[in-house]
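Notes follow once the structure below has been shown.
The values are calculated or read from the model by the stated rules, or taken from the named source; none is laboratory data. Only a predicted model underlies this, so the values are computations on that prediction, with no experimental measurement involved. Reconstructed Cβ throughout: ideal geometry from the backbone, glycine too, with neighbour counts over all protein chains shown. Side chains are part of the model used for accessible areas, which takes the heavy atoms of the whole protein and leaves out ligands, DNA and RNA. Shrake-Rupley method; radii C 1.70, N 1.55, O 1.52, S 1.80 Å.
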Amino acid sequence: MNSLFSTEPIVLNLADADIIYYPSFFGTEVSDSLYNELLHGIPWQHDTIRVYGKEHPQPRLTALFGNDGKPYSYSNITMQPHAWNLLLQKLKYQVETVAETQFTSVLLNYYRDGKDSNGWHADNEKELGQNPVIASLSFGAERMFQMKHNTNAELKQNILLQHGSLLLMKGTTQHCWKHQIPKTSKPMGGRINLTFRVIQ
């Protein structure tokens, strides 16, 4: 499993953020294989979230893997981690080499089609600590990753997350920006996203 840097990394020049985008972290053939392995080898779960006092099915499937059985909580959901499998350990090692961070967990999201989404949020939960490093791998259909600054409405950024790409977010990014994967009416296939993080 080799990382293929066929395209130079892109450093985003954004205020209050430290973001590097690797459009081709993995080549197409490797990415195709990884997508299929993840799709069929991960114990996906479909949780219910509570929004303004009402419960709704979460618009995507998820799974959590991590060290030492440490849970992760967001949107009134507390997930218990599975033990690392060999595939995720290999991916973690690849990402850690570039991120220069030893990650303790990975949250996987499976967007089945364009109707699945992830609303505006930041990865700033207290268990992630100050200035968390978030490394996000994407496989499958390309989806738009939208960002907006918390206090300056004019600061926005869209990134088309490609098949086999890596998005690395550091510094004050999670404290100063929010991001989302919006719904789209365009017909499209599934996308699997892995966000590696350090749970304190």
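Here is how the numbers come out for the structure above:
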item: Dipole of the chain [Lys/Arg +1, Asp/Glu -1 at C-beta], most positive-end residue of Ile49, Phe139, Phe25; result: Ile49
item: Lys115-Glu8 pseudo-label distance in nm [points 7 Å out on the Cα-to-Cβ vector]; result: 4.3 nm
item: The chain - accessible surface per residue (Å², probe 1.4 Å); result: 50 Å²
item: Distance in nm between pseudo-label sites at Gln157 and Thr184 (7 Å out along the Cβ direction from Cα); result: 1.9 nm
item: Segments 125-134, 178-187 sorted - mean Cβ within 10 Å per residue, highest first; result: 125-134, 178-187
item: Theoretical gain in end-to-end length, Asn36 to Lys126 [0.36 nm per residue, Cα-Cα removed]; result: 29.1 nm
item: About the Cα centre, charge dipole magnitude for the range 85-200 (Lys/Arg +1, Asp/Glu -1 at Cβ), debye; result: 280 debye
item: Carbon + sulfur, % of accessible area of the chain - ligands and nucleic acids excluded, 1.4 Å; result: 49 percent
item: Peptides 14-24, 44-54, 79-89, 105-115 ordered by average Cβ neighbours within 10 Å, highest first; result: 105-115, 14-24, 79-89, 44-54
item: Identified option (computed mean projected area of the Cα convex hull in nm²; candidates (i) 22.9; (ii) 11.1; (iii) 12.1); result: (ii)
item: Debye, to nearest 20: dipole size of the range 1-150, +1 on Lys, Arg Cβ, -1 on Asp, Glu Cβ; result: 440 debye
item: Cα gyration tensor of the range 73-144 - equivalent ellipsoid semi-axes, whole Å, descending; result: 20, 18, 14
item: Extension gain from Ile49 to Thr97, taking 0.36 nm per residue of separation minus the Cα-Cα distance; result: 13.8 nm
